[in-house]
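Structure record follows, encoded as structure tokens.
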Amino acid sequence: MVTLIPALQVVIVAFPPGETLQLVLTLLAVGAIFALVNTIIGTIIKIVAFPLYILTLGLIGFIINGFLLWLTAWITSGFGWGLTVGSFWWGVVAAIIISIINAVFGAILRPQKNKRRD
């Protein structure tokens, strides 16, 4: 068991026996399952919740992403390995932190446009 974010109760339970290779494979499997959940279910939820995006100025996106993270944890916990989230609201907080990290890395790694001087 590896705690990803201790304060948020986000934990990864690796495949048995839990060595480094199993942990890496577990992270890849959880990432693949999250990608599937986000692609299939997330798209449907985001289309249905479009009016809420407008009403809340996009803040409902954190709730939706937290739900998708919690759903991934629920699916993988059924197998006895994978992601574990303390509760739905810890999933929402984790989604906010993931969004902040994505914004920082996006700002750093985004290609810069060359300013042209005439």
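Here the 3J(HN,Hα) profile of segment 98-110, calculated from phi with Karplus coefficients 6.51, -1.76 and 1.60 at θ = phi - 60°, is 4, 5, 5, 4, 4, 5, 5, 5, x, 5, 6, 8, 5 Hz, Gly and Pro shown as x. Ranking 79, 29, 65 by Cα position along the charge dipole of the chain, where only Lys, Arg, Asp and Glu carry charges on their C-beta atoms, puts 65 farthest toward the positive end. Most tightly packed first, judged by the mean number of other beta-carbon atoms within 10 Å of their residues, the peptides 23-30, 39-46 read 23-30, 39-46.
Normalised by the number of residues in the chain, the average gap of Cα pairs under 8 Å and 6 or more apart makes the relative contact order 29 percent. Remark: segment 37-45, residue by residue, has Karplus-estimated 3J(HN,Hα) of 4, 5, 6, 7, 6, x, 5, 5, 5 Hz, where x stands for each Gly or Pro and the curve is 6.51 cos²θ - 1.76 cosθ + 1.60 at θ = phi - 60°. Modelled this way, with points 7 Å down the Cα-to-C-beta line, the labels at residue 24 and residue 114 are 3.8 nm from one another.
Read the figures in this text as sums done on the coordinates, not as results from a lab. Just so we're clear, the structure is a prediction, and the values are computed from it rather than from any experiment. Reconstructed Cβ throughout: ideal geometry from the backbone, glycine too, with neighbour counts over all protein chains shown.
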